Each structure stands twice: as C-alpha cells, then as structure tokens.
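Here's the structure we're looking at; comments come further down.
The values are calculated or read from the model by the stated rules, or taken from the named source; none is laboratory data. Note that the structure is predicted; figures quoted are calculated from it, not measured. Cβ placement follows ideal geometry from the backbone for every residue including glycine, while neighbour counts extend to all protein chains displayed. Surface accessibility is based on the protein's heavy atoms, side chains included, excluding ligands, DNA and RNA. Shrake-Rupley method; radii C 1.70, N 1.55, O 1.52, S 1.80 Å.
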Amino acid sequence: MTLSKSEPTAIKSTKSSFPNLTTEHQSLVSEEDMIQAVRTLLLGLGEDPDREGLKDTPKRVVKALQFLTSGYHQSLDELLNGAVFHEDTDEMVLVRDIDLFSSCEHHILPILGRAHVAYIPDGKVMGLSKIARICEMYARRLQVQERLTAQIADAIQGLLKPKGVAVVIEATHMCMVMRGVQKPGSWTSTSAVRGVFAEDAKTRQEFMSLICHNPTFH
C-alpha cells in the first residue's frame, strides 16, 4: 500500500524518453506468406487444407498468432502514455495475481499463470494498470518464463528508477502438460529482484509474505 504525502504531478513523456526501452518490431514477411506456411503445415500433418472445416483455418491461425504475439509491436513509451507521477512516498507498491497468457518459444504452446509485481518508489510512481500492461506486453511474445520475469523487472526499473523491484511469476507450461513429459499440475516459479529487494532480506521477505495469502474480491 502506498501512503501519499503530496498531490501527484504528472511527468511529461515523449517518444524518446526511454530510448533503450523501445520495443517495436516490424514483420519481415507478409500475412499471405504466413497463411501459406500454415497451409503447408496442414499438408505435412496429412490434412486437406481445402476441406470445409479447414478452409479458413490458415487465416484464423495467423490472426490468432498475431494477437498472441502482439507485444512485439508495442513499445513501453506508447504503453506508458505519460502515466508516471511525482509522489513523495517510499512504501512498497504491490500488484499481485496478474493473469498471464504467453507462448513457449520452443513449441509455441501456451504458458498460463500469474505475475506478482512490486516496487519501492524513489520519487515517482506509475498508474497501477500500467504494471499489468507491461506484464501483458512482454507475455504476448514467444517467451521463456525466466526471460519474461526479468524483462518485466528491468522495464519497471528502467522506467521509474525506483529503490527496488521484485517480480514473481508462477505458471504452468502446456509443453510439459500436453506433450513430452506430460505432467499436468506442475508449476514453474521464477523471480527477479532488483535494488533493495536483492540487497535487503527483510524487504524481500515482506514481498514474499504478501504474495502468499489468498484474498478474494469477488
């Protein structure tokens, strides 16, 4: 919880505010090329991409993949949209249980889980919804959980320069559930800590204790 000591003042942001954090990506192939690639996959699986049930599947698969990887076409500057404010507070800000849906880069199968994100301000705070949007932006890419966790932590550290950032992601990977080792119910937990969360065991423990309980709001 953040205890405010002053009225928030918006910090103006421009496109070049965070040059090292721009993450926009341009596609190297056309949508038609992608559709043809899905048709080739269907043929390789022994299917007929022209039969009634599959006639529009290549187009639908491409649209779905474009949505699920839309984070490649977003930037932190655009996402933040100026929602950084001066605030004289140094209490922990925690947003927990952020639903995450990502895709494993090894098999392009779903990663389903939740993120818990905290930071300790050093004169600046951001709109709470932006924390969830940062998680979503990086999740909507081909990912490994370890990198996703670090990217979220580093983005917030770079944007706010807080005293510390902590991120924990707990997720299940369909590449472990649906294929290969086939272990439903298995979860992977990853963490990334920066600043005071890495340096001070008490601060880190406070964060860990706050994400362990199970509040219900609906």
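Annotations for the structure displayed:
- For the stretch 93-212, pairs of C-alpha atoms spaced more than 18 angstrom apart make up 49 percent of the total.
- Per residue accessible area of the chain, 1.4 Å probe, in Å²: 58
- In the chain, helical runs assigned H by DSSP with n ≥ 4 each contribute -39500 (n - 2.57); averaged across all residues and rounded to the nearest 500, the mean residue ellipticity at 222 nm is -10000 deg cm²/dmol.
- Separation of alpha-carbon centers, the stretch 125-157 and the stretch 61-94, rounded to whole Å: 7
- Accessible surface of the chain [probe 1.4 Å, protein heavy atoms]: carbon and sulfur percent: 55
- Note: relative contact order over the stretch 74-115, using C-alpha pairs below 8 Å and six or more positions apart, is 29 percent.
- Projected label distance in nm at Glu146 and Arg60, using a 7 Å step from Cα toward the beta-carbon: 3.7
- Against the criterion of solvent-accessible heavy-atom surface with a 1.4 angstrom probe, Val144, Val29 sort, most first, into Val29, Val144.
- Sequence-separation-based contact order of the stretch 61-163, relative, with Cα cut under 8 Å and 6+ spacing, percent: 34
- Thr149 sits with roughly 0 Å² accessible to a 1.4 Å probe, with DNA, RNA and ligands left out of the calculation.
- When restricted to Cα atoms, the chain yields an Rg and a Dmax of 20.2, 66 Å, respectively.
- 10 Å binning of all Cα-Cα separations within the stretch 162-218, expressed as whole percents from 0 upward: 20, 34, 28, 17, 1
- Note on the chain: antiparallel DSSP beta bridges, both residues inside, total approximately 95 percent of the bridges counted.
- Only Lys, Arg (+1) and Asp, Glu (-1) charged, at Cβ; the stretch 124-218 dipole about Cα centre in debye: 280
- Label separation (Asp90 vs His73): 4.4 nm, computed from points 7 Å beyond Cα along the C-beta direction.
- Exposure of Asp122 as accessible area (Å², to 10), given a probe of 1.4 Å and all protein chains: 90
- Whole-number percent relative contact order across the chain, with pairs defined as alpha carbons under 8 Å at least 6 apart: 19
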